[in-house]
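The values are calculated or read from the model by the stated rules, or taken from the named source; none is laboratory data. In this text the structure is predicted, and so the values were computed from the model without any measurement. In this analysis, Cβ positions are derived from the backbone assuming ideal geometry, glycine residues included, and neighbour counts consider all displayed protein chains.
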Amino acid sequence: MTVSATPLCLSFAVGACSYGRLLVACTPKGICAVLLGGIGGVGATERDLVADLRRRFPGAVLRSSDGTARESLDVVRAVIEGTSAQEPKLHLIGTPFQKQVWSALVRVPSGATVSYAQLAKRAGLEARDSRAVAGACAKNHIAVLVPCHRVVRTDGAMGGYHWGTDMKQGLLAAEREKRTGKALPV
C-alpha cells in the first residue's frame, strides 16, 4: 500500500509596488513566497510570476486571491514601501540547512550588507561554507522579507540577484535612506 502525501496548498495574490509587480503566496503557517517582477523583464507579467511560483513549488495546489493572500499582499507591500515595520509571519519551506541560513539572513539589519562568508558565520557555520550559503540564498523564495539582497561578494561588489542588480541596488538604497533619513549611494 502506498501513502500519498497531501499536496502543499498555496494561496496567492498579485499586485503592484514601487518596484513593479509583486506576488505573495502563503500557507496557513505564513508567507512562503514573495516574488518581484517588472524590472529588467524578469517576471514582467502576472503570468510570469505565477509560472515562477509553480517552478519553485512543483506539485503545489495554487489558489488565487483568497482573503488571507490579499491581506498578506497588503502587509508585504507596506513593508516594501516603508510604511510598516510589521514583521509578517513567515513559513520557510526548504532544507534544514537553507532554513538555518535564511534565519540568519533575517537578522541582518535593514540597509546593511554582509558577505557570504559573514553570513555563514552568523548562521553558525564556517566561512569556507560561503558557497553553500550562496546556494541557500539563491533558493530563497521570500524576496525582501528574507533579505538576500543584503548579501554581497567579499570584495564588496553587488554580486548576483534573482531579480537583477538594479533591483538589489534599489532595495538597498531605499533601506539606507529610510535608516539614515537621506539618500546614500549604493
* Structure fact -> When every residue in region 144-186 that is out of contact with any strand residue (DSSP E or B) (no Cβ under 8 Å at 6 or more places or on another chain) and basic (Lys, Arg) is compared, the one modelled with the lowest pLDDT is 182
* Could you tell me whether any residue of region 73-81 is at pLDDT 90 or above, assigned to a helix (DSSP H, G or I), of a type in the set (Val, Ile, Thr) and touching a Pro at 6+ places or on another chain (Cβ under 6 Å)? => yes
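State all residues of region 58-72 that are part of a helix (DSSP H, G or I) and surrounded by 13 or more Cβ atoms within 10 Å (Cβ to Cβ); if no residue qualifies, say none.
Initial filter on region 58-72 (part of a helix (DSSP H, G or I)): 67-72.
Listed by number, the residues that qualify are 68, 69, 70, 71, 72.
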